[in-house]
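Asker: One structure coming up, written as structure tokens, with questions to follow.
The values are calculated or read from the model by the stated rules, or taken from the named source; none is laboratory data. Note that the coordinates shown come from a computational prediction; the quantities given were computed from them, not determined experimentally. Please note: Cβ atoms are built from the backbone with ideal geometry, for glycine as well, and neighbour counts cover all protein chains shown. Side chains included, ligands, DNA and RNA excluded: accessible areas come from the protein's heavy atoms. Shrake-Rupley method; radii C 1.70, N 1.55, O 1.52, S 1.80 Å.
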Amino acid sequence: MDAFTAGLLQRIKATESDLTRARETGDDFLAEVEEAELDDLRRLAAEHGVEVSASRV
């Protein structure tokens, strides 16, 4: 796995965790921000052929 793929997958994992935390604390604005970030990261992964495992959130 190259550095780009590893970094992208790590960012996705961290963003999923941040999204879960935002939802758990009831921070709707932060949840929306994290959802948008996650969408962007998943789009970037798809554009570069990086397979992302099923989402946990």
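Asker: Does segment 40-53 contain at least one residue that is surrounded by 12 or more Cβ atoms within 10 Å (Cβ to Cβ), outside any helix (DSSP H, G or I), aliphatic (A, V, I, L, M) and in contact (Cβ under 8 Å) with a residue 12 or more places away in the chain?
Answerer: Checked segment 40-53: at least one residue is surrounded by 12 or more Cβ atoms within 10 Å (Cβ to Cβ), outside any helix (DSSP H, G or I), aliphatic (A, V, I, L, M) and in contact (Cβ under 8 Å) with a residue 12 or more places away in the chain.
Asker: Suppose we filter segment 23-39 for residues that are under 20 Å from Phe4 (Cα atoms) and open to solvent by less than 80 Å² (accessible area, probe 1.4 Å); how many remain?
Answerer: Result for segment 23-39: 2.
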